[in-house]
Amino acid sequence: MNILVVGAGGQIGTELIPHLQSLYGEDNVIAADLKKENVDRLQEFSRAVELDALDVKNYREVVEKFRINRIYNLVALLSATGEKNPMLAWDINMGALINSLELSRSYNCSLFTPSSIGVFGHSTPHAGTPQDTVMRPNTIYGVCKVSGELLSDYYFSRFGVDTRSVRFPGIISSGALPGGGTTDYAVEVFYEILQKGKYTCPIPENTYMDMLYMPDALRACTDLMDCDPALLVHRNSFNVTAMSFSPKELFTEIQKHIPSAEFTFEPDPVKSEISASWPDSMDDSCAREEWGRNPEWNLASMTKDMLSEIS
Ligand code: AKB
């Protein structure tokens, strides 16, 4: 198995690379990123190359050179940043996806492109959001993710490309900071509290969103791609979650460890609107039934681990 991770310098890629190396061997994982500084950092622990996923010629050369047969396409402009420049978000998110799909088709690669809770909108049921339900997002990021799910299913049914993916909720991790998302507060808060003892939250205190701790997210990436395809009724994309909490609940949990931590709320209009349109808690039973998903971390265990890792 030769695996290429495109957009490897971000929050997920930084931790997915060592996870893949531990499962498939160091030599069989290639990390690719657009930014030279990310490639330099990735080269400290992996085989890493510079790659612009929007440049299909450059992308093809890398796939050919390393005889790639599985691609993780992690290139994305996230929800809050996407609203600042919708056309750029469309170009990046869809451009990287189309190139990944076409190259997977030509070189017989399996392909994982994360989807997101961003596919949902105000008209989706917010409690126990089902796997198959209304998907009418009100962000360009969500529009890209719905289009990506449909295109990925199309490439599977029309061309037989082995596309699989999950709808990630907010991912909490200590390896690399997220950037430009609506759920980023749940990571930022740990750094701010440990550095400054106080945090001002851009999300209203009682807004619930689904979250996953990174180890559970990484297992989702590999368990789904390694499972027997005969088990899959769905492909693009599975609801996955491990916890659902509001900022207030997370901060109360942090205060159990750091009683002096201070929290204030200054809701950001864009992030507030986006977070209000997303599910409060998703139903991930299809992922559990079809490929045995079984997350291990909850709010209490994640909070304790984050504080100790970042300290
Ligand atoms: C974001 O907030 O944009 C992402 C996501 C949930 O897809 N973290």
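This table checks each residue for (1) over 27 Å from Val166 (Cβ atoms); (2) touching an Asp or Glu at 6+ places or on another chain (Cβ under 8 Å).
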{"position": "Gly197", "(1), (2)": "yes, yes"}
{"position": "Arg235", "(1), (2)": "no, yes"}
{"position": "Glu249", "(1), (2)": "no, no"}
{"position": "Glu262", "(1), (2)": "yes, no"}
{"position": "Ser272", "(1), (2)": "no, no"}
{"position": "Ser277", "(1), (2)": "no, no"}
{"position": "Asp283", "(1), (2)": "no, no"}
Next on the checklist: Looking only at the stretch 234-262, how many residues end up being open to solvent by less than 10 Å² (accessible area, probe 1.4 Å) and more than 17 Å from Asp184 (Cβ to Cβ)?
Outcome noted: 5
Next on the checklist: Please verify whether Gly180 is on the phi > 0 side of the Ramachandran plot and touching a residue at least 40 places away in the same chain (Cβ under 8 Å), treating the condition exactly as stated.
Outcome noted: yes
Checklist entry - Would the stretch 58-76 turn up any residue that is out of contact with any strand residue (DSSP E or B) (no Cβ under 8 Å at 6 or more places or on another chain) and either aliphatic (A, V, I, L, M) or farther than 19 Å from Arg105 by Cα (or both)? => result yes
Checklist entry - Quick one: in the stretch 54-83, which of the residues that are within 20 Å of the chain's Cα centre (by Cα) and of a type outside the set (A, V, I, L, M, F, W, C) is farthest from the ligand (Cβ to nearest atom)? => result Arg70
Checklist outcome for this item: the stretch 13-125: strands (runs of 3 or more DSSP E) wholly inside it with 2 or more residues that are in contact with a Pro (Cβ under 9 Å, 6 or more places away or on another chain) and in contact (Cβ under 8 Å) with a residue 40 or more places away in the chain are 70-73
Checklist entry - Of the residues Gly82, Gly121, Gly181, Gly160, which is open to solvent by less than 60 Å² (accessible area, probe 1.4 Å), closer than 23 Å to Leu16 by Cα and among the small types (Gly, Ala, Ser)? => result Gly181
Item to check | Which listed residue, of Pro295, Pro202, Pro215, Pro229, is more than 24 Å from Thr81 (Cβ to Cβ), in contact with an Asp or Glu (Cβ under 6 Å, 6 or more places away or on another chain), surrounded by fewer than 21 Cβ atoms within 10 Å (Cβ to Cβ) and touching a residue at least 60 places away in the same chain (Cβ under 8 Å) | outcome: Pro295
Checklist entry - Pro279: touching a residue at least 60 places away in the same chain (Cβ under 8 Å) and part of a loop (DSSP other than H, G, I, E, B), yes or no? => result yes
Next on the checklist: Suppose the filter is of a type in the set (S, T, N, Q), modelled with pLDDT of 95 or more and in contact with a Pro (Cβ under 8 Å, 6 or more places away or on another chain); does Thr182 pass it?
Outcome noted: no
Checklist entry - Within the stretch 203-246, which residues are away from the ligand (no atom under 14 Å from the Cβ) and either over 19 Å from the mean Cα position of the chain (by Cα) or of a type in the set (Gly, Ala, Ser) (or both)? => result Pro204, Glu205, Asn206, Cys227, Asp228, Pro229, Ala230, Leu231, Leu232, Val233, Ser246
Checklist outcome for this item: Of the residues in the stretch 279-311, those that are among the β-branched types (Val, Ile, Thr) and within 12 Å of Met211 (Cβ to Cβ) come to Thr303
Checklist entry - Looking at the stretch 57-77, which of its residues are open to solvent by 20 Å² or more (accessible area, probe 1.4 Å) and out of contact with any Gly (no Cβ under 9 Å at 6 or more places or on another chain)? => result Lys57, Asn58, Arg60, Glu61, Glu64, Lys65, Phe66, Arg67, Asn69
Item to check | Enumeration of residues in the stretch 170-202 that are in contact with a Ser or Thr (Cβ under 8 Å, 6 or more places away or on another chain), within 10 Å of the ligand (Cβ to nearest atom) and under 20 Å from Ile258 (Cβ atoms) | outcome: Val187
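The values are calculated or read from the model by the stated rules, or taken from the named source; none is laboratory data. This is a predicted model, so every value here is computed, not measured. Neighbour counts are summed over all protein chains in view; Cβ atoms, including those assigned to glycine, are modelled from backbone coordinates with ideal geometry. Protein only, heavy atoms only, side chains kept; ligands, DNA and RNA dropped before computing areas. Shrake-Rupley method; radii C 1.70, N 1.55, O 1.52, S 1.80 Å.
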